[in-house]
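K.L.:
I am attaching a structure below and will ask some questions about it afterwards.
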Amino acid sequence: MSRFEGHIRRGHTIVFGLLALIAAVDGAISTWLATKYHQHHNQLSNAVRDRTRLIAFTSWFTLLFSLIFLLLFLHSAHGGSILVSVGAHAIFLGLIWVLWTAGAASITAALGGGINCSYVIATHVPGQMIDFNLWSTEK
């Protein structure tokens with residue numbers, strides 16, 4: 001039993017809890033935007049609509065698996081299960097890093113490198129679009 005076990009258990013819980021919280025907020029914003037785009041067909045472009053859906057998928061994927069890893073870690077950290085091994089964490093974190101990087105780069109490219117507020121005001125959701133861009137690209 002390591003003298004750092006308490007720190008690792010506490011730190012893991014905090015990090016994965018924050019990861020789940022950020023994913024839930026970003027998932028809520030991106031899902032709301034994707035729903036509004038689907039209902040009103042008022043997206044800035046098809047690229048923005050598709051990238052919003054990618055980030056919605058990535059958010060909910062991150063939320064689901066971060067909660068699963070959190071619960072598995074809390075349940076079987078003492079047993080040394082392969083489901084909570086360093087390798088499993090590396091694969092999961094590597095995969096979500098690739099998905100978030102692809103989502104952030106693609107939404108930034110679809111928006112022309114950032115948000116032009118005068119252009120975004122033409123949509124019905126300018127505030128949500130700005131929040132979405134901030135939450136999706138500032139990780």
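The values are calculated or read from the model by the stated rules, or taken from the named source; none is laboratory data. Everything numeric in this text was worked out from a predicted model, so none of it was measured. No Cβ is skipped: glycine too gets one built from the backbone with ideal geometry, and neighbour counts run over all protein chains shown. Calculation scope for accessible area: heavy atoms of the full protein, side chains included, ligands and nucleic acids excluded. Shrake-Rupley method; radii C 1.70, N 1.55, O 1.52, S 1.80 Å.
K.L.:
Mind listing whichever residues of segment 48-64 are closer than 18 Å to Phe92 by Cα and out of contact with any helix residue (DSSP H, G or I) (no Cβ under 6 Å at 6 or more places or on another chain)?
P.N.:
Across segment 48-64, the qualifying residues are Phe57, Phe61, Leu64.
K.L.:
Within segment 61-101, track down each residue that is more than 30 Å from Gly112 (Cα to Cα), small (Gly, Ala, Ser) and surrounded by fewer than 12 Cβ atoms within 10 Å (Cβ to Cβ).
P.N.:
Answer for segment 61-101, where residues must be more than 30 Å from Gly112 (Cα to Cα), small (Gly, Ala, Ser) and surrounded by fewer than 12 Cβ atoms within 10 Å (Cβ to Cβ): Gly79, Gly80, Ser85, Gly87, Ala90.
K.L.:
So, one more: So which residues in segment 1-16 are hydrophobic (A, V, I, L, M, F, W, C) and either open to solvent by less than 40 Å² (accessible area, probe 1.4 Å) or in contact with a helix residue (DSSP H, G or I) (Cβ under 8 Å, 6 or more places away or on another chain) (or both)?
P.N.:
The answer is Phe16, and nothing else.
K.L.:
Of the residues that make up segment 17-34, is at least one open to solvent by less than 40 Å² (accessible area, probe 1.4 Å) and either assigned to a loop (DSSP other than H, G, I, E, B) or aromatic (Phe, Trp, Tyr) (or both)?
P.N.:
Checked against the condition, which is being open to solvent by less than 40 Å² (accessible area, probe 1.4 Å) and either assigned to a loop (DSSP other than H, G, I, E, B) or aromatic (Phe, Trp, Tyr) (or both), segment 17-34 yields no hits at all.
K.L.:
Find the residue count for segment 35-60, including only residues that are within 10 Å of the chain's Cα centre (by Cα) and surrounded by fewer than 17 Cβ atoms within 10 Å (Cβ to Cβ).
P.N.:
1
K.L.:
Which of the residues belonging to segment 30-53 are farther than 18 Å from Trp100 by Cα and either among the polar types (S, T, N, Q) or touching a Gly at 6+ places or on another chain (Cβ under 6 Å) (or both)?
P.N.:
Thr35, Gln39, Asn42, Gln43, Ser45, Asn46
K.L.:
So if I check each of Arg51, Arg9, which one is charged (D, E, K, R), modelled with pLDDT of 90 or more and in contact with a Leu (Cβ under 9 Å, 6 or more places away or on another chain)? So that I can check it myself, show each step before the final result.
P.N.:
Working: Arg9 fails: modelled with pLDDT of 90 or more.
So the residue among Arg51, Arg9 that is charged (D, E, K, R), modelled with pLDDT of 90 or more and in contact with a Leu (Cβ under 9 Å, 6 or more places away or on another chain) is Arg51.
K.L.:
Leu71 is checked against (1) within 20 Å of Ala102 (Cβ to Cβ); (2) modelled with pLDDT under 90 and fails just one. What number does that condition carry?
P.N.:
(1)
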